[in-house]
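The values are calculated or read from the model by the stated rules, or taken from the named source; none is laboratory data. Fair warning: this is a prediction, and the values are worked out from it, not measured in the lab. Please note: Cβ atoms are built from the backbone with ideal geometry, for glycine as well, and neighbour counts cover all protein chains shown. Note: accessible area is taken over every heavy atom of the protein model, side chains too, but ligands, DNA and RNA are not part of it. Shrake-Rupley method; radii C 1.70, N 1.55, O 1.52, S 1.80 Å.
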Amino acid sequence: MQTRTQPVTVDVFLSVDGWAGGATSPGYFGYPGPELEEWITAELALPQLVILGRRTYEALAGLPEEAWDASSHRLAQLNKIVFSGTLEAAAWPNTRVCRDDVVAEVGWLKRESDVPIRTMGSLSVARRLCGAGLVDRLRLMTFPLLLGASGREPFFAGTASADLALIGHRALDGRVLLLEYRPTGRDIPRA
């Protein structure tokens, strides 16, 4: 008898040159738009368990309530797990802190969760899950800019090699490219 597991989706916002942030980059790298907002709203409306690293949690939970939008309110409603060895407690609603190993815990969650699992940002968490083969879908939201020397947090630095199958793509607001991949499990050809 085969056990059904919940999928793990990793969502990362990137510049074309692979940076997840820049020294002076605003939210959405300064490229907000109605289609991007619709995508975020639609994705947050789905049942899910959100997993975050400490820095992403602190950035999202630290927004003053007057800056919250509908997406912020929905995210506050969702169940969330923050992986951190230093955070003592989470003040955000529906959030628990987990000090356990992210790979072991997410492996367990894939078997035990009632809903799909999703990361948002949280690069160290995303990299660990990718390296452990726990990711079922990698979604890269690529913004139309090169950060160059101002780039910080290169998402792909230190990630393991993986063969990916393109399972979807879409342009949002005529400038932001959403690429969705599924790891194939095949070996990477070597020269």
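The Rg/Rh ratio of segment 29-85, with Rg taken over Cα atoms and Rh as the Kirkwood radius over Cα pairs, comes to 0.97. Only Lys, Arg, Asp and Glu carry charge here, each on its Cβ (+1 for the first two, -1 for the last two); on that basis segment 60-168 has a dipole of about 220 debye about its Cα centre.
Tell me, in nm to one decimal, what length is gained between Ala45 and Asp100 on full extension, where the rule is 0.36 nm per residue of separation less the Cα-Cα distance? Additional length available on full extension: 17.0 nm. Placing one equal scatterer on every Cα of the chain and applying the Debye formula, the log10 ratio I(q)/I(0) at q = 0.09, 0.11, 0.19 Å⁻¹ is -0.33, -0.50, -1.62. Here the chain has 54 percent of its accessible surface on carbon and sulfur atoms, given a 1.4 Å probe and all protein chains in place. Would you mind getting the accessible area per residue of the chain, heavy atoms of the protein chains only, 1.4 Å probe, in Å²? Here the per-residue accessible area is 55 Å². Projecting the Cα atoms of Pro154, Val97, Tyr181 onto the dipole axis of segment 57-191, where Lys and Arg carry +1 and Asp and Glu carry -1 at the beta carbon, places Tyr181 farthest toward the positive end.
Within the chain, antiparallel bridges make up roughly 40 percent of the DSSP beta bridges whose residues both belong there. Annotation: average projected area of segment 72-128 is 4.2 square nanometres, based on the convex hull of Cα atoms across all directions. Here segment 133-191 yields Rg over Rh of 1.02, to two decimals, using C-alpha coordinates and the Kirkwood radius.
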